[in-house]
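Student: Sharing a structure below in C-alpha cells format, with a few things to ask.
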Amino acid sequence: MGSEAWWKTAVVYQIYPRSFADSDGDGMGDLRGVIDHLDHLAELGVDVLWLSPVYPSPQDDNGYDISDYQNIEPLFGDLATFDELLAGAHERGMKIVMDLVVNHSSDEHQWFLESRSSKDNPKRDWYWWRPARPGMEPGAPGAEPTNWGSVFGGSSWEFDEKTGEYYLHLFSRKQPDLNWENPEVRQAVYAMMRWWLDRGVDGFRMDVINMISKAVGADGSLPDGRLSVGSAYADGSAAFIGGPRLHEFLQEMHREVFAGRDGLLTVGEMPGVTVEEARLHTDPERHEVDMVFQFDHVWVDRGPDPWLVIPLQLTALKAILGRWQAGLADVGWNSLYWNNHDQPRVVSRYGDDSPAHRAASAKMLGTVLHLHRGTPYIYQGEELGMTNYPFGGIDEFRDIEARGQYRQAVELEGRTPEEVLTVLRARGRDNARTPMQWDDSPNGGFSTGTPWLPVNPNHTLINAKEQRGDQDSVFHWYRRLVELRKTEPAVAHGDFTMLLPHHERLYAFTRRHENTELLVIGNFSGEPAQAAIDGWDGAELLLNNLVYPPEGWNLAPWQAVVYRRSV
C-alpha cells in the first residue's frame, strides 16, 4: 500500500457473469464463458478482473443475495471451473478480485435459517431482530421497529410470524442484514475471506461496506429516520451510512485477513461517502482499504425529485471530480469509473448514443476518465461503447430495484407510470445488464439459447468482433488508453490541475510528473467548442479521437485530445 503500489498503474475490468458469455446455451452467462473470452480481455490489456457475485444464490438480487459464501452457483459452474478461470487469468498476467457481499446474506443462508428458527438459537443475534414498536400489535401496519424504507421499495423490516419479531433488510426482504456488532459474525466473515485468498484470489470489491456499522443505542434500539413529504417510508441512512464502528471493523478486517499478504487489491463500495471520510479509509497508514467507490459523480443528474431526469451540467460534474482529485491528492487514492452493474451506460447518459456521435463520445468519455489520477474501472461492454436498452413497459425490466421502486412510486406515492418509466429507462440498472455484444449473430454471440435479458438490438452494429478488427474502433481506443497508463508515468503518478472550471462544454485538466506535462481536453457537447489555453502551441498531439486534428483550439463535437510537452 506504499506510494508505488502496483494498482496505481493498473486497470480493472468488471465482469457481470450472468451477462458476459453463456457457454452452455441456457441463456445465462457462466464461468466457462468468461474463460472462453480471456483473450479478449488480455488484448484489451487490463490487469484485474472483478467478478460480480458467483456464489450460490436464490438470485433474488442477481446473486447479491448469497446463500453459501464458499462455493459457486451451479448456474455459473463449480469450484473446479473457478480454479480453471483463476489459473487462466493468472497465466495471462491478470488478477481476479471477488465481490464481497457481507452487509447482508440471503435469507436462505444456513446462518439465517438457524437465526430465524427460534429466539434462543445461538445464531439469533447474527442478524438484526427487533420486536414491534411498544404498544403496537406485531405485524400490524406501522408496527415496524423503525420507519426506514428499503432501497428496493417498501419497509426495511420484515415480520416473521414464527418468532413474532422483525428482521432488518436494507435491500430485499430476502437479504437480511448481518449484525456486525456480534464478533462471531465478523470472525466467520474473516475466515471465509481467508479461504478465498488461500485459494488464490487477489482481493475483494466490498459491496456497500460502509453500511455494516449501525448506530445502535445502548438499549439496542435503532433510531427513526427523516420522513420526506410524499414519501411512504423514511430515509434511515444517517443510522447506517458510515456508522460509528466502521473504521474499527475495517481495520480489524485488515489485521485478520490482509496483513502479511502482498499483491492484493481492496476497494470498498461506499454510497454517500465524503471526501474527508475517504481520506481516512484510504490512508495507507490506517490499514483499511486501498480505494473506495464514491457516487457523487453518478448522482449529478439527480435532483430533489427522484422521478425527474436532469440534463448533465458539466460544471457540476467537474466540481465533483475536481473535489475528489484535490481531496485525495496527498493521502489515499481515487477509483475512476463511469459504469458498473448498477449504473446506466455512460454513452447514453453523459454522451450521445446516436449513430453519428456514439463512437466519438464513447472515446471522449473514456479519455477524460482514464487520464484522471486514480485507478480506472472498465465495465463490460464499455470498451465497445455499448448503449442503454430501448425498454418499453415495466414488464420488460427484470431488476428487483426497478420493479420495487416502480410499484412504490405508482401505487403508494401517486406517480404516473410514464414519469416513472422515463427515469427507469434512463437510469435503470438493467441498462448495464443486457448481454455482452460479441458479434452480429442472433443474440449477439452471447448465447445459443434465449438470453435471460434481451440483447440490445444494436448488437448488429456494436459488437466485439467488428471492433477488434477495426483499428479506429472504441475497443482499440480503450486499448490505447490502458497502454498509455503503463507507458507514460504522468498518467498514473502525475499531479492533477483542473482547467476551465466554468466552461459548460469543455472538460480540461493537466497532469504533471517530473519533466512531463499532459493536457487533456474533452468536448462534452454536440457543438464545436473553443478552448483558450496558453503555452501549449507546438506541443505533441499524443491522442486524438477523431480522424482530423483540432483547428487551433477549436474542438469538434465530442472530440478529445491529449497533448504532451516537456517542462
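The values are calculated or read from the model by the stated rules, or taken from the named source; none is laboratory data. What you see is a predicted model, and the numbers here were worked out from it, not measured in a lab. Virtual Cβ from ideal backbone geometry, glycine too; neighbours counted across all protein chains shown.
Student: Would you confirm whether any residue within the stretch 443-465 is assigned to a loop (DSSP other than H, G, I, E, B) and free of Cβ contacts under 8 Å to residues at least 60 places away in the same chain?
Tutor: Taking the stretch 443-465 as the starting set, the residues that turn out to be assigned to a loop (DSSP other than H, G, I, E, B) are 446-456, 461-463.
The next check asks that each one be free of Cβ contacts under 8 Å to residues at least 60 places away in the same chain; those that pass are 455.
Yes, the conditions are met somewhere in the stretch 443-465.
Student: Take the residues in the stretch 388-399 that are within 24 Å of the chain's Cα centre (by Cα) and of a type in the set (Asp, Glu), then tell me which one is surrounded by the fewest Cβ atoms within 10 Å (Cβ to Cβ).
Tutor: Just the residues of the stretch 388-399 that are within 24 Å of the chain's Cα centre (by Cα), to begin with: 388-391, 394, 396-399.
Filter again for of a type in the set (Asp, Glu), leaving 396, 399.
Values: 396: 17, 399: 21.
Among those that are within 24 Å of the chain's Cα centre (by Cα) and of a type in the set (Asp, Glu), it is 396.
Student: Are any residues in the stretch 141-153 modelled with pLDDT under 95 and either acidic (Asp, Glu) or farther than 16 Å from residue 237 by Cβ (or both), and if so, which ones?
Tutor: Those that are modelled with pLDDT under 95 and either acidic (Asp, Glu) or farther than 16 Å from residue 237 by Cβ (or both): 141, 142.
Student: Scan the stretch 208-228 residue by residue and report those that are in contact with an Asp or Glu (Cβ under 7 Å, 6 or more places away or on another chain), more than 28 Å from residue 53 (Cα to Cα) and touching a residue at least 60 places away in the same chain (Cβ under 8 Å).
Tutor: Within the stretch 208-228, just 225 meets the criteria.
Student: Something else: Looking only at the stretch 340-353, which residues are in a helix (DSSP H, G or I) and surrounded by fewer than 24 Cβ atoms within 10 Å (Cβ to Cβ)?
Tutor: Residues of the stretch 340-353 that are in a helix (DSSP H, G or I), as a first pass: 346-349.
Those that are in a helix (DSSP H, G or I) and surrounded by fewer than 24 Cβ atoms within 10 Å (Cβ to Cβ): 348, 349.
Student: Quick check: is even one residue across the stretch 46-58 under 21 Å from residue 475 (Cβ atoms), modelled with pLDDT of 95 or more and not in a strand (DSSP E or B)?
Tutor: Within the stretch 46-58, one or more residues are under 21 Å from residue 475 (Cβ atoms), modelled with pLDDT of 95 or more and not in a strand (DSSP E or B).
For (1) closer than 24 Å to residue 17 by Cα; (2) hydrophobic (A, V, I, L, M, F, W, C); (3) surrounded by 22 or more Cβ atoms within 10 Å (Cβ to Cβ), each residue gets a yes or a no:
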| residue | (1), (2), (3) |
| --- | --- |
| 444 | yes, no, yes |
| 454 | yes, no, no |
| 461 | yes, yes, no |
| 487 | no, no, no |
| 532 | no, yes, no |
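So that you can scan it fast, the table gives a plain yes or no per residue for (1) among the charged types (D, E, K, R); (2) more than 16 Å from residue 488 (Cα to Cα); (3) touching a His at 6+ places or on another chain (Cβ under 7 Å); (4) at pLDDT below 95:
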site: 517; (1), (2), (3), (4): yes, no, no, no
site: 542; (1), (2), (3), (4): no, no, no, no
site: 550; (1), (2), (3), (4): no, yes, no, yes
site: 556; (1), (2), (3), (4): no, yes, no, no
site: 564; (1), (2), (3), (4): yes, no, no, no
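Student: Would you be able to say whether some residue in the stretch 86-96 is in contact (Cβ under 8 Å) with a residue 40 or more places away in the chain, under 30 Å from residue 40 (Cα atoms), part of a helix (DSSP H, G or I) and of a type in the set (D, E, K, R)?
Tutor: no
Student: Moving on. Taking residue 163 and the conditions (1) touching a residue at least 40 places away in the same chain (Cβ under 8 Å); (2) assigned to a strand (DSSP E or B); (3) touching a Lys or Arg at 6+ places or on another chain (Cβ under 6 Å), which numbered condition does it fall short on, given that it satisfies the others?
Tutor: Tallying (1) touching a residue at least 40 places away in the same chain (Cβ under 8 Å); (2) assigned to a strand (DSSP E or B); (3) touching a Lys or Arg at 6+ places or on another chain (Cβ under 6 Å), residue 163 fails exactly one: (2).
Student: Related question: Can you tell me which residue in the stretch 284-294 is farthest from residue 498 (Cα to Cα), limited to those that are in contact (Cβ under 8 Å) with a residue 12 or more places away in the chain and surrounded by fewer than 17 Cβ atoms within 10 Å (Cβ to Cβ)?
Tutor: Quick first cut of the stretch 284-294, residues in contact (Cβ under 8 Å) with a residue 12 or more places away in the chain only: 284, 286-294.
Next, only the ones that are surrounded by fewer than 17 Cβ atoms within 10 Å (Cβ to Cβ) stay: 284, 287.
Details: 284: 25, 287: 30 Å.
Across the stretch 284-294, the extreme among qualifying residues is 287.
Student: From the list 356, 402, exactly one residue is without any contact (Cβ under 8 Å) to a residue 40 or more places away in the chain, among the small types (Gly, Ala, Ser) and surrounded by 24 or more Cβ atoms within 10 Å (Cβ to Cβ). Which is it?
Tutor: Details: 356 fails: surrounded by 24 or more Cβ atoms within 10 Å (Cβ to Cβ).
The conditions single out 402.
Student: How about the stretch 147-160: which of its residues are assigned to a strand (DSSP E or B) and more than 14 Å from residue 106 (Cβ to Cβ)? First the steps, then the outcome.
Tutor: First pass over the stretch 147-160, keeping only residues assigned to a strand (DSSP E or B): 148-149, 155, 157-160.
Answer for the stretch 147-160, where residues must be assigned to a strand (DSSP E or B) and more than 14 Å from residue 106 (Cβ to Cβ): 148, 149, 155, 157, 159, 160.
Student: Here's something else I'd like to know. Restricting to the stretch 81-114, what's the tally of residues that are surrounded by fewer than 19 Cβ atoms within 10 Å (Cβ to Cβ), out of contact with any strand residue (DSSP E or B) (no Cβ under 9 Å at 6 or more places or on another chain) and either within 18 Å of residue 21 (Cα to Cα) or not aliphatic (A, V, I, L, M) (or both)?
Tutor: So the count comes out to 10.
Student: If I ask for residues that are at positive phi and free of Cβ contacts under 8 Å to residues at least 12 places away in the same chain, which ones from the stretch 244-278 would you list? Write out each step before concluding.
Tutor: Initially, the stretch 244-278 is screened for residues at positive phi, giving 260, 263, 272.
Once the filter is applied, which keeps residues that are at positive phi and free of Cβ contacts under 8 Å to residues at least 12 places away in the same chain, the stretch 244-278 yields only 260.
Student: Small (Gly, Ala, Ser), buried (at least 23 other Cβ atoms within 10 Å of the Cβ) and touching a strand residue (DSSP E or B) at 6+ places or on another chain (Cβ under 9 Å): does that describe residue 57?
Tutor: Values: small (Gly, Ala, Ser): yes; buried (at least 23 other Cβ atoms within 10 Å of the Cβ): yes; touching a strand residue (DSSP E or B) at 6+ places or on another chain (Cβ under 9 Å): no.
So residue 57 fails the test.
Student: Can I ask one more? Tally up the residues in the stretch 489-528 that are surrounded by fewer than 21 Cβ atoms within 10 Å (Cβ to Cβ), of a type outside the set (Lys, Arg) and part of a loop (DSSP other than H, G, I, E, B), please.
Tutor: 12
Student: If you take the residues in the stretch 463-485 that are of a type in the set (S, T, N, Q) and surrounded by 21 or more Cβ atoms within 10 Å (Cβ to Cβ), which one is nearest to the chain's Cα centre (by Cα)?
Tutor: Let us first name the residues in the stretch 463-485 that are of a type in the set (S, T, N, Q), namely 463, 467, 471, 473.
So of that shortlist, the ones also surrounded by 21 or more Cβ atoms within 10 Å (Cβ to Cβ) come out as 463, 467, 473.
Numbers: 463: 23, 467: 25, 473: 25 Å.
Ranking the candidates gives 463 first.
Student: Oh, and also: Tell me which of these residue 248 doesn't satisfy, since it passes every other one: (1) at pLDDT 95 or above; (2) surrounded by 14 or more Cβ atoms within 10 Å (Cβ to Cβ); (3) out of contact with any Pro (no Cβ under 6 Å at 6 or more places or on another chain).
Tutor: So the condition that residue 248 fails would be (2).
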